[in-house]
Amino acid sequence: MLDSQYWYYVLEMSFYGSLLFRVTFDVKRKDFKEQIIHHLATLTLLSFSWCVNYIRIGTLVMLIHDASDILLESAKLFNYAKWERTCNSLFVVFAIVFMVTRLIIFPFWLIHCTWVYPTLQYPPFFGYYFFNVMLVVLLFLHIFWAYLILRMVKKFLFGKKPIGRQCCLMWVEGIRDLSPPALTSMWCYG
């Protein structure tokens with residue numbers, strides 16, 4: 001294992017552990033159960049891939065997830081700085097990257113590789129099934145959140161449009177909340 005992989009694992013496990021701890025004390029959102037499932041599945045996958053030396057696929061899964069997460073956090077940063085145009089642009093890029101990485105690359109490359117190729121060399125064992133089931137759990141959560149993101153995009157494109165900072169706030173807060181009532185209440189008409 002490379003030093004960079006070691007530290008990447010340590011940072012990611014620390015991050016998701018802190019999110020799991022924080023979500024229990026944070027404001028309860030509509031997707032509270034989904035967040036708990038996501039954080040537990042992620043920590044389980046990271047721990048399991050570490051213990052059974054699935055470091056390569058674990059690192060790829062983390063990279064796929066971090067690609068869009070960085071854009072979302074950047075959009076939040078620009079929202080707080082009141083840079084509406086930059087925030088909106090980053091959200092559009094975030095939505096595209098999220099859909100491509102989590103709904104195309106993740107299932108059709110990563111899950112496919114973990115599902116098909118190991119059985120060509122070794123007989124399936126408990127770890128093979130366990131790891132793939134946990135990856136599929138993450139995929140279902142991605143589909144759920146993609147649906148919410150697409151609902152926001154649809155409402156933004158075809159509904160009444162919020163003005164200025166309200167638009168950026170809707171994107172950032174709506175994605176953070178990830179709950180249909182929160183998405184609806186974020187619309188402040190001018």
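For the reader, a short list of remarks on this structure follows.
- Within segment 43-59, residues that are on the phi > 0 side of the Ramachandran plot and aliphatic (A, V, I, L, M) reach no partner that is open to solvent by less than 40 Å² (accessible area, probe 1.4 Å) and part of a loop (DSSP other than H, G, I, E, B) with beta carbons closer than 8 Å at six or more positions or on different chains.
- The lone exception for W115 - which of (1) in a helix (DSSP H, G or I); (2) out of contact with any Lys or Arg (no Cβ under 8 Å at 6 or more places or on another chain); (3) closer than 23 Å to I149 by Cα it fails: (3)
- Selected residue (criterion: modelled with the highest pLDDT) from residues of segment 1-25 that are surrounded by fewer than 10 Cβ atoms within 10 Å (Cβ to Cβ) and either aromatic (F, W, Y) or within 14 Å of L63 (Cα to Cα) (or both): S4
- Selection over segment 98-119 of residues that are over 21 Å from V52 (Cα atoms) and open to solvent by less than 40 Å² (accessible area, probe 1.4 Å) gives a count of 5.
- Selection status of L63, modelled with pLDDT of 90 or more and open to solvent by 80 Å² or more (accessible area, probe 1.4 Å): yes
- Filtered residue count, segment 26-49, keeping only those that are closer than 17 Å to F131 by Cβ, surrounded by 17 or more Cβ atoms within 10 Å (Cβ to Cβ) and not aliphatic (A, V, I, L, M): 3
- So A146, is it under 22 Å from A41 (Cα atoms) and assigned to a helix (DSSP H, G or I): yes
- Residue match in segment 69-83 (condition: small (G, A, S), at pLDDT 85 or above and open to solvent by 30 Å² or more (accessible area, probe 1.4 Å)): yes
The values are calculated or read from the model by the stated rules, or taken from the named source; none is laboratory data. Source: prediction; values computed, not measured. Glycine gets a Cβ as well: all are built from the backbone with ideal geometry, and neighbour counts include every protein chain shown. For accessibility, only protein heavy atoms count, side chains too; no ligands or nucleic acids. Shrake-Rupley method; radii C 1.70, N 1.55, O 1.52, S 1.80 Å.
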